[in-house]
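What follows is a set of notes on a single structure, which appears directly below.
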Amino acid sequence: MKKINGNKTVFVLIEENPELKDVLVNLGFTPLNDPKMLNTVGRMMSLNNGAKQIKITPEQLQAGLNEAGFELEA
């Protein structure tokens, strides 16, 4: 499993793991489909804070990431 740090920005995580974008969109991070949103909000918001914004529990986030082969740290 690939480990990802939930305190990193969504932009950095997707830059490091491009396949993560589709996983996050499927989990409810639908604004990431818009390159402008990814380049603006994605550069400022951490994965953990983004999940809170779209009302995904840490458990739901972890489960969705695990299914895709990622392990959430922090």
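Across the stretch 1-31, the qualifying residues are those that are in contact (Cβ under 8 Å) with a residue 40 or more places away in the chain and not in a loop (DSSP other than H, G, I, E, B), and the one among them that is farthest from residue 71 (Cα to Cα) is 10. Of all residue pairs spaced 6 or more apart or on separate chains, those with beta-carbon atoms under 9 Å, a first member in the stretch 32-59 that is under 17 Å from residue 17 (Cα atoms) and among the basic types (Lys, Arg) and a second member that is outside any helix (DSSP H, G or I) and modelled with pLDDT of 95 or more are 43/9. Of all residues in the stretch 46-62, at least one satisfies being among the hydroxyl-bearing types (Ser, Thr, Tyr), surrounded by 12 or more Cβ atoms within 10 Å (Cβ to Cβ) and not in a helix (DSSP H, G or I).
The values are calculated or read from the model by the stated rules, or taken from the named source; none is laboratory data. What you are looking at is a predicted structure, and each value in this text was computed from that prediction instead of being measured. Positions of Cβ are generated from backbone atoms using ideal geometry, with glycine treated the same way; all protein chains shown enter the neighbour counts.
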